[in-house]
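Novice: Dropping a structure here in structure tokens format, bear with me for questions.
The values are calculated or read from the model by the stated rules, or taken from the named source; none is laboratory data. Because the structure is predicted, anything quoted here is derived from the model rather than measured. Every residue, glycine among them, receives a Cβ derived from its backbone with ideal geometry; neighbour counts consider all protein chains shown.
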Amino acid sequence: MAENASMPVWPGSAYPLGATYDGAGTNFSVFSEVAEAVDLCLIAKDGTETRIPLEEVDGYVWHAYLPSVVPGQRYGYRIAGPWDPANGLRCDPSKLLLDPYGKAFDGTFDNDPSLFSYDLASRDETAPTGLDSLGHTMTTVVINPFFDWASDRPPKRPYHETVIYEAHVKGMTATHPGVPEELRGTYAGLAHPAVIDHLTRLGVTAIELMPVHQFMHDQILLDRGLRNYWGYNTFGFLAPHTGYSSADKPGAAVSEFKAMVRSFHAAGIEVILDVVYNHTAEGNHLGPTICFRGIDNAAYYRLVDGDAAHYMDYTGTGNSLNARHPHTLQLIMDSLRYWVTEMHVDGFRFDLAATLARELHDVDRLSAFFDLVQQDPIVSQVKLIAEPWDVGEGGYQVGNFPGLWTEWNGKYRDTVRDYWRGEPSTLGEFASRLTGSSDLYEATGRRPGASINFVVAHDGFTLRDLVSYNEKHNLANGEDNHDGESYNRSWNCGVEGPTDDPDVIALRDRQSRNLLATLLLSQGTPMLAHGDEMGRTQHGNNNVYCQDSELSWMDWSLAETNSDLVEFTRRAIGLRKDNPVFRRRRFFEGKPIRSGEQTRDIAWMTPTGDEMTPGDWDSGFGKSLAVFLSGEGIPEPDRRGERIVGDSFLLCFNAHYEDIEFVTPDADHAGEWAVVLDTVSATGASDTVVEAGSPLTIQARSLAVLRRTR
């Protein structure tokens with residue numbers, strides 16, 4: 001270790017935080033209120049270290065400018081200060097610490113005892129061990145911020161025109177035959193034309209990426225031969241994960257990520273990031289000291305009142321970020337702004353977002369975090385999607401987020417699953433979910449687009465497994481099948497898992513189409529999970545967080561094997577895209593479309609063609625209904641202020657186990673009806689036409705969409 005080997009050091013600036021290269025040198029700054037001294041540590045290629053004491057401190061921000069430092073330089077910090085875990089103080093200068101504002105990282109963690117400040121055998125925290133973590137931890141990397149964005153512009157697609165596709169960077173292309181082998185599982189692979197062409201043909205308008213912030217692999221998983229596949233164990237809130245870069249060069253992930261975004265934008269596809277600001281990879285009090293814990297433990301983490309040696313845990317991961325502290329809030333907001341302004345992303349999905357709203361212990365929609373987001377001129381203008389729950393008391397907050405936010409609608413998922421598996425007393429709530437969940441969002445001034453509708457997501461069964469398994473089959477995770485959700489609202493159609501029974505296979509195929517059609521024709525913003533359009537299976541594993549293998553990767557051969565399902569999905573998305581009545585910006589009102597007329601913007605009917613009564617809605621055994629959607633009853637204007645007039649449709653739902661004859665509406669609604677989507681058909685295609693008032697048989701457990709033709 002060399003001590004400031006005649007290197008020029010200028011005072012620099014406290015802001016911006018992190019390492020900022022300006023073309024001539026690099027400014028370094030790091031916040032720590034508890035530090036008594038801070039060393040900037042420059043790490044050479046051979047692993048040797050040069051320590052530079054930071055003498056300038058403004059408002060607890062330690063800083064310096066080094067004119068000789070250029071992109072590619074690896075660095076870290078050492079923080080000298082009090083060690084008193086009982087009072088939340090965990091400074092340990094023997095640990096090389098990562099920059100919380102690091103924009104790139106290099107190397108790996110090797111689980112050496114030096115990563116931990118206490119003795120692993122005795123768990124004694126009386127004093128730190130003094131073991132130096134240099135060489136056993138990752139390092140932060142100075143990046144080159146300059147990039148040729150060419151003519152890149154964000155698509156800025158409104159919610160009602162959005163179709164989201166949730167995807168995993170590696171899993172999407174790990175085995176894609178059309179992507180060069182050296183690019184598979186990377187940002188460049190995801191941006192390959194073979195992938196983008198698939199998404200554009202399907203009709204996807206936004207890709208929602210599971211965590212791409214730099215994350216850590218849990219040692220407990222590595223010991224079992226597994227990995228942190230999903231990536232919900234982050235620590236680098238401004239850095240794209242290096243493991244998804246095709247180039248083995250420090251900082252290369254940044255430019256590769258930017259190029260990926262540029263390619264998606266060129267195809268008209270927005271990029272949304274799944275972000276995890278509720279906890280970090282350092283875990284509980286027995287976790288490693290790699291960053292926040294050693295810099296300012298009490299500022300970055302929520303500690304237990306009266307027991308500051310331990311962490312509050314609203315996330316089930318061992319710690320919770322302290323979103324009540326101004327510098328932690330600043331880190332979150334700076335991170336969000338960075339990804340919008342520098343990386344050009346179009347929005348965020350906030351993992352366990354309820355945690356960020358806990359001012360004291362309860363979830364508070366008036367929390368400082370929401371206030372900051374609301375007033376921020378950059379962050380407030382992109383898509384903001386909440387996972388509106390956490391694992392703490394009172395954490396389930398579906399429908400309770402402020403007006404600027406949209407939400408993963410867990411009630412939509414549960415209701416649609418229950419309806420199609422034939423659960424009793426579901427008609428009323430099914431109708432609410434189908435029409436945008438006004439009961440959840442209208443009171444806060446939000447519109448149908450606030451409901452991010454989904455039937456499956458990364459967490460749980462795939463769509464194919466939802467109709468193939470009653471029970472989870474997670475033994476491969478090494479937890480004796482105790483992990484993962486046990487109550488899945490799934491139905492295996494009569495046989496658990498694989499079968500060669502043609503009737504069961506046909507029913508599963510139809511149920512898959514039922515769920516997809518319902519999702520894509522509901523009011524709100526639909527979200528597909530990657531691979532569901534081609535029948536991807538995880539063989540009954542509903543918690544593949546640790547399965548970085550073919551179990552969780554996309555099997556692209558299914559696109560050919562199940563090409564009919566791909567075509568069905570494309571057809572349903574196209575129906576939504578081409579007909580504004582399926583993507584209204586405002587809720588239905590049930591009122592006549594014009595004064596003096598009988599026809600309303602929406603009408604609910606029994607299979608006999610009669611209007612639904614309270615008794616019909618409350619019927620415990622009712623599993624079938626029809627809904628008329630008027631294309632002439634759309635109250636909102638288009639982008640140019642013109643009245644929107646489109647086709648009108650009749651949707652006939654039959655979740656019963658027997659065929660049911662539906663009577664189509666009479667001449668007041670139409671003269672003739674043409675079936676434009678039928679889940680009995682493998683591709684959804686149909687040439688059936690019926691006269692108004694005539695019967696139409698809807699097969700058991702299927703739905704049909706009819707267009708008014710005259």
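Novice: Within region 467-480, is there a residue that is at pLDDT 95 or above, outside any loop (DSSP other than H, G, I, E, B) and over 14 Å from Asn542 (Cβ atoms)?
Specialist: There is no residue in region 467-480 that is at pLDDT 95 or above, outside any loop (DSSP other than H, G, I, E, B) and over 14 Å from Asn542 (Cβ atoms).
Novice: Can Tyr277 be described as touching a helix residue (DSSP H, G or I) at 6+ places or on another chain (Cβ under 6 Å) and either modelled with pLDDT of 95 or more or of a type in the set (Gly, Ala, Ser) (or both)? Before the answer, list the steps.
Specialist: On the way: touching a helix residue (DSSP H, G or I) at 6+ places or on another chain (Cβ under 6 Å): yes; either modelled with pLDDT of 95 or more or of a type in the set (Gly, Ala, Ser) (or both): yes.
Answer is yes for this residue.
Novice: In addition: Just to be sure, is Asp601 within 27 Å of Gly445 (Cβ to Cβ), acidic (Asp, Glu) and either surrounded by fewer than 22 Cβ atoms within 10 Å (Cβ to Cβ) or more than 22 Å from the chain's Cα centre (by Cα) (or both)?
Specialist: Against the criterion (within 27 Å of Gly445 (Cβ to Cβ), acidic (Asp, Glu) and either surrounded by fewer than 22 Cβ atoms within 10 Å (Cβ to Cβ) or more than 22 Å from the chain's Cα centre (by Cα) (or both)), Asp601 qualifies.
Novice: A further question follows. When both residues are 6+ apart or on different chains and their Cβ atoms are under 9 Å apart, which pairs have a first residue that lies in region 144-165 and is more than 30 Å from Pro448 (Cα to Cα) and among the hydroxyl-bearing types (Ser, Thr, Tyr), and a second that is modelled with pLDDT of 95 or more and surrounded by 12 or more Cβ atoms within 10 Å (Cβ to Cβ)?
Specialist: From residues that are more than 30 Å from Pro448 (Cα to Cα) and among the hydroxyl-bearing types (Ser, Thr, Tyr), the pairs are Ser151/Ala266.
Novice: Moving on to the next point. Look through region 597-619, keep the residues that are outside any loop (DSSP other than H, G, I, E, B) and closer than 20 Å to Gly633 by Cα, and return whichever of them is modelled with the lowest pLDDT.
Specialist: Ranking the candidates gives Arg600 first.
Novice: Given the residues Gly460, Gly436, Gly445, which is the only one that is on the phi > 0 side of the Ramachandran plot and in contact with a Pro (Cβ under 7 Å, 6 or more places away or on another chain)? First the steps, then the outcome.
Specialist: Details: Gly460 fails: in contact with a Pro (Cβ under 7 Å, 6 or more places away or on another chain); Gly445 fails: in contact with a Pro (Cβ under 7 Å, 6 or more places away or on another chain).
Every option except Gly436 fails the conditions.
Novice: Pick from Leu115, Leu98: which is in contact with a strand residue (DSSP E or B) (Cβ under 9 Å, 6 or more places away or on another chain) and either outside the structural domain of Leu17 (by TED's automatic domain parsing) or under 27 Å from Val212 (Cβ atoms) (or both)?
Specialist: Leu98
Novice: With respect to Val204, is the statement that it is touching a helix residue (DSSP H, G or I) at 6+ places or on another chain (Cβ under 9 Å), under 20 Å from Ile385 (Cβ atoms) and either touching a residue at least 40 places away in the same chain (Cβ under 8 Å) or buried (at least 22 other Cβ atoms within 10 Å of the Cβ) (or both) true? I'd like the intermediate steps shown before the answer.
Specialist: Numbers: touching a helix residue (DSSP H, G or I) at 6+ places or on another chain (Cβ under 9 Å): yes; under 20 Å from Ile385 (Cβ atoms): yes; either touching a residue at least 40 places away in the same chain (Cβ under 8 Å) or buried (at least 22 other Cβ atoms within 10 Å of the Cβ) (or both): yes.
Judged against the criteria, Val204 is a match.
Novice: So which of Val495, Val504 ends up being without any contact (Cβ under 8 Å) to a residue 60 or more places away in the chain, in contact with a Cys (Cβ under 6 Å, 6 or more places away or on another chain) and at negative phi?
Specialist: So the residue among Val495, Val504 that is without any contact (Cβ under 8 Å) to a residue 60 or more places away in the chain, in contact with a Cys (Cβ under 6 Å, 6 or more places away or on another chain) and at negative phi is Val504.
Novice: Tell me, which strands (runs of 3 or more DSSP E) lie completely within region 1-117 with 1 or more residues that are more than 29 Å from Phe146 (Cβ to Cβ)? Can you show your working first?
Specialist: Working: elements: 18-21, 26-31, 37-43, 49-53, 56-58, 61-66, 74-80.
So the answer is 37-43, 49-53, 56-58, 74-80.
Novice: Hey, can you tell me all the residues within region 156-203 that are assigned to a loop (DSSP other than H, G, I, E, B), under 21 Å from Phe350 (Cα atoms) and of a type outside the set (S, T, N, Q)? Walk me through it before giving the result.
Specialist: Start the filter on region 156-203 by keeping residues that are assigned to a loop (DSSP other than H, G, I, E, B), which leaves 156-158, 162-163, 168, 174-180, 184-186, 191-192, 203.
Among the residues that remain, those that are also under 21 Å from Phe350 (Cα atoms) are: 156-158, 162-163, 168.
Across region 156-203, the qualifying residues are Lys156, Arg157, Pro158, Val163, His168.
Novice: Tally the residues that are hydroxyl-bearing (Ser, Thr, Tyr) and modelled with pLDDT of 95 or more, restricting the search to region 108-128. Walk me through it before giving the result.
Specialist: Of region 108-128, the ones hydroxyl-bearing (Ser, Thr, Tyr) are 108, 114, 117-118, 122, 126.
Imposing the further condition that a residue be modelled with pLDDT of 95 or more reduces the set to 108, 114, 117-118.
Total satisfying the criteria: 4.
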